[in-house]
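K.L.:
Structure below; questions to follow.
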Amino acid sequence: MCFESKRRFLLLYATQKGQAKAIAEEIQQQAAAHGLEADMHCISEMDKYNLETEKDPVVIVISTTGTGDPPDTARKFVKKIQDKTLPPDHFAHLQYGLLGLGDSEYMFFCNGGRTVDRRLQELGAQHFYDTGLADDCVGLELVVDPWIDGLWLALKEALQLQKEKEVMNNAVDAVSSSLSTALHAVHELNLSSEVQNLKLEDEAQRGSDVLSQKLDDISLVAPARDTEPSLIHSVPPVSQSALNIPALPPEYIEVQFQDTPGENPHLSSLISEGTTFEVPVTKAVQLTRKDAIKTALLLELDIADTAFEYQPGDAFCVVCPNNVSEVEELLNILGLSEKGDDFVCVKVKQGTKKKGASRPQHIPERSTLKFILIWCLEIRAIPKKAFLRALVECTSDAGEKRRLQELCSRQGASDYTRFIRDSNVCLLDLLRAFPSCKPSLSLLIEHLPKLQARSYSVSSSNLYQPGRLCFVFNVVEFPAGPSRPVPRKGVCTGWLAELVAPLLHPSKNTLVTKGESSSTEKISIFPRPNNTFHLPADPSVPFIMVGPGTGISPFIGFLQHRQKLREQHPDWEFGETWLFFGCRHQDRDYLFKQLRCFLENGTLSHLKVCFSRDSPTAEVAPPKYVQDVLRLCAKEVARVLLKDRGYFYICGDKKHMADDVSDAVVDILSMEMEADKLEAMKVLAMLREAKRYLQDVWS
């Protein structure tokens, strides 16, 4: 085999929202600088690679979605390698390194990567490089950057060892032991040379980066007066440091404006996850009082004329646009206000240095400029360091240029985390903060990820309300702050609230015929079935539901479904049901006061509620949070889980509720079993494994 092919490695990525792909592209780009060639593919493209026959090292970058599932793009791959008929040496020939992405806010951290890693090991594959697990909760780059830095030496060692193995395999059987020893010595010499060359290459590259910063514009920054850093201002040591900044990503997109009119593509063509359904919004109800801290809305959709199917506990996705006023402001900053309705053609730039460059799948080949910015690009995305690096080249002011360099540099890593990542800064915030930065439209298409559809839990039962789908959500509010001068609403929740405003506040002049909807507004949705968060298959099994705030949403569907089953099958045996609900104020945000109806008709056996912000009137203060109420019902909770082999469901906020509930359950099990905490944690782990302790949570 020729030398060039021996420097090849296979690079696979499995992404849900584009993070894993972006990191894989960074690896591919850096590979060339190290004399290596990354043969990169999405893990779903199984016709373009074959692990059964792969001889070169394999690098896998894989994210995690939901509560611990591999991304949608990896489902077929995972199903294939989990085939129980595969022998334990199926991948004995395979050398690989794996980088998993996850969020420690969720229980099954990096489970997508761990699942693939564990199964490859079971099938005989060998690590040539230690597995990396990056945490989006604290910043992926804290693991990703050093993991990539160490990858090159590990790859070169693996390739060198592979080269020797082939030499040994091809040697004639009669080769003497002395010749074998000589070959080994040659290998050691070559490997030592490779390591030394790699160190020299890296040092030369680092030196070049540092030198370029010293000469570029570090001396042009005026002395700082402020002592506190901010998005636009740095302090020593960062402000006085020579900087190590990422390599400039190669440009690969070309945008051509066209005079000829046309039609924008249908929204369904942008969705790769499955069939989309355009459905009317038939009802909107504000569940909270006007003086509540959060605004919760319930929407009802008419799915009667569609093939959309769901079970209580499932989720579905809403295809939403970016805020139109933000898009208009972006066009204005880019100097394209007059061209928003013009058609553009998006192509791969001729002669680009980006290997395997292609037009992003979420960008239509031809559409209006506004269509791309409203429906295709996540303009609220937190800019990655590679994007900041590219923005440096579009910035004319020396001070602004230097600060952008700092924010994408290693020396400015903590500033990036504090002022970009943790502050939820987006492109528009950056362009306001750095007014001399004027990026091209092609740069935005290259670096902004796909605008993701937003997922919501179903809050209804098709058995109870045929042809209807309901869901509940809080209108997300982002207050103004030092890095963001204006407050914002959530991309999807803000849009939905505006869309249904006529239903919430109908005009006095509006004439609505009885039985007709006053709204003709439609939204596009597609199903996202949940494989586990469903009612027990056996109706006689008892279950406990914990859902404070809008976390109660799927449990309304559970109870509606259970009520209908009780009506249809009076001879069936039904297990007891418990619901623990909490909110801030009983009179402001008690979302479903009709829960009493479920209690009165026997669908719900036990309803426990608490209100965290109400002033207690009794001498003994009532419990504030759902975990406190759970502890008061310790014996019953333990009985349902241990003796009656029941189910336990949690829905709601991960960080501020689900972990506390989990701790409470451990305490309850420990107390009622008269066992230590470790033993109780093992029992909880067994409940999770048996799919009897289930979560639908968000951070």
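The values are calculated or read from the model by the stated rules, or taken from the named source; none is laboratory data. From a predicted model like this one, the values you see are computed outputs, not experimental measurements. Heads up, the Cβs are rebuilt from the backbone with ideal geometry, glycines too, and the neighbour counts pull from every protein chain shown. Calculation scope for accessible area: heavy atoms of the full protein, side chains included, ligands and nucleic acids excluded. Shrake-Rupley method; radii C 1.70, N 1.55, O 1.52, S 1.80 Å.
K.L.:
Could you check the simple spin-label distance between LYS438 and GLU689, using points 7 Å along Cα→Cβ, in nm with one decimal?
P.N.:
6.3 nm
K.L.:
Hey, which lysines would be in cross-link range of LYS438, C-alpha to C-alpha under 25 Å, not counting anything within fewer than 8 residues on its own chain?
P.N.:
Output for LYS438: LYS214, LYS339, LYS347, LYS349, LYS353, LYS354, LYS370, LYS384, LYS385, LYS401, LYS450.
K.L.:
Oh, and also: With label points built 7 Å along Cα→Cβ from the Cα atoms of ARG75 and SER612, find their separation and express it in nm.
P.N.:
If labels sit at ARG75 and SER612, their model points lie 3.4 nm apart.
K.L.:
How would PHE257, PHE128 rank on accessible area, largest to smallest, probe 1.4 Å?
P.N.:
The ordering from most to least exposed comes out as PHE257, PHE128.
K.L.:
Same structure again: With a ≥ b ≥ c the root eigenvalues of the C-alpha gyration tensor of segment 543-697, is it rounded (a/c under 1.5), prolate (a/b larger than b/c) or oblate?
P.N.:
Judged from the Cα gyration tensor, segment 543-697 comes out oblate (a/c at least 1.5, b/c at or above a/b).
K.L.:
Now, a different point. Identify the GluC sites (Glu not before Pro) of segment 566-613 meeting these criteria: DSSP loop state and at most 11 other C-beta atoms within 10 Å of the C-beta.
P.N.:
Of the GluC sites (Glu not before Pro), the ones in loops of segment 566-613 whose Cβ has at most 11 other Cβ atoms within 10 Å are GLU573.
K.L.:
Suppose we keep just the DSSP beta bridges with both residues in segment 43-165; what percent of those would be antiparallel, to 5?
P.N.:
10 percent
K.L.:
Something else now. Picking from VAL138, ILE523, LEU448, whose Cα lies most toward the positive end of the charge dipole for the chain (charges on Cβ: Lys, Arg +1; Asp, Glu -1)?
P.N.:
So the residue we want is ILE523.
K.L.:
Tabulate in residue order the Karplus-calculated ³J(HN,Hα) for segment 427-433, using 6.51 cos²θ - 1.76 cosθ + 1.60 with θ = phi - 60°, rounded to whole Hz; enter x for Gly and Pro.
P.N.:
Values, residue by residue: 4, 4, 4, 5, 5, 6, 6 Hz.
K.L.:
Can you pull the percent of the chain's accessible area that's carbon plus sulfur, 1.4 Å probe, other chains left in place?
P.N.:
51 percent
K.L.:
State in Å² the accessible area per residue of the chain; use a 1.4 Å probe, count heavy atoms of protein chains only, and round to the nearest integer.
P.N.:
On a per-residue basis, 49 Å².
K.L.:
Once the whole set of protein chains is in place, how much accessible area is left on THR64, using a 1.4 Å probe, in Å² to the nearest 10?
P.N.:
Answer for THR64: close to 40 Å² accessible.
K.L.:
What aspartates and glutamates could a cross-link reach from LYS355, if we take a straight Cα to Cα line under 15 Å and drop same-chain neighbours fewer than 8 places away?
P.N.:
Within the straight-line limit of under 15 Å, LYS355 reaches these aspartates and glutamates: GLU25, GLU26, GLU37, ASP39, GLU251, GLU446.
K.L.:
I've got another one for you. About the Cα centre, and with charges only on the beta carbon of Lys, Arg (+1) and Asp, Glu (-1), how big is the dipole of the chain? Nearest 20 debye, please.
P.N.:
For this selection, approximately 1000 debye.
K.L.:
Okay, next question. Quick one: what are the phi-derived ³J(HN,Hα) couplings along segment 56-69, Karplus 6.51/-1.76/1.60 with θ = phi - 60°, whole Hz, x for glycine and proline?
P.N.:
Each residue of segment 56-69 in turn: 7, x, 10, 10, 10, 10, 9, 9, 10, 10, x, 9, x, 8 Hz.
K.L.:
VAL486 to ALA621: extension gain in nm, 0.36 nm per residue of separation minus the Cα-Cα distance?
P.N.:
44.6 nm
K.L.:
Using helices alone, what [θ] at 222 nm do you get for the chain, with -39,500 (n - 2.57) per DSSP H run of 4 or more residues, divided over all residues and rounded to the nearest 500?
P.N.:
-10000 deg cm²/dmol
K.L.:
Viscosity 0.692 mPa s, temperature 37 °C: what is the translational diffusion coefficient of the chain from Stokes-Einstein with a Kirkwood Rh over Cα pairs, rounded to a whole number of µm²/s?
P.N.:
In µm²/s, the coefficient is 114.
K.L.:
Choose one of ALA621, LEU373, VAL318: the residue whose Cα lies farthest towards the positive end of the charge dipole of the chain (beta-carbon charges +1 Lys, Arg; -1 Asp, Glu; about the Cα centre).
P.N.:
Of the options given, the answer is ALA621.
K.L.:
Rounded, prolate or oblate: which fits segment 7-166, taking a ≥ b ≥ c as square roots of the Cα gyration tensor eigenvalues, rounded meaning a/c under 1.5, else prolate when a/b beats b/c?
P.N.:
Oblate is the answer for segment 7-166, as a/c is 1.5 or above yet b/c matches or exceeds a/b.
K.L.:
Continuing with the same structure: Are there trypsin sites (Lys or Arg not before Pro) in segment 349-435 that DSSP marks as loop and that have at most 14 other Cβ atoms within 10 Å, and which are they?
P.N.:
LYS353
K.L.:
Considering only protein heavy atoms, with the full assembly of protein chains and a 1.4 angstrom probe, order SER396, SER455 by accessible area, largest first.
P.N.:
Listed by decreasing accessible area, they come as SER396, SER455.
K.L.:
Quick one: if the Förster radius is 45 Å, what FRET efficiency do ARG631 and ASP149 give, using the C-beta to C-beta distance and rounding to 0.05?
P.N.:
0.40
K.L.:
Within segment 287-379, report the GluC sites (Glu not before Pro) that DSSP leaves as loop and that have at most 13 other Cβ atoms within 10 Å.
P.N.:
The qualifying sites are GLU309, GLU365.
K.L.:
If the label point is 7 Å along Cα→Cβ of ASP341, which residues in segment 311-334 have backbone nitrogen under 20 Å from it?
P.N.:
Within reach of a label on ASP341: 322-334.
K.L.:
State the antiparallel share, in %, of DSSP beta bridges confined to the chain, rounding to the nearest 5.
P.N.:
Just about 50 percent of them are antiparallel.
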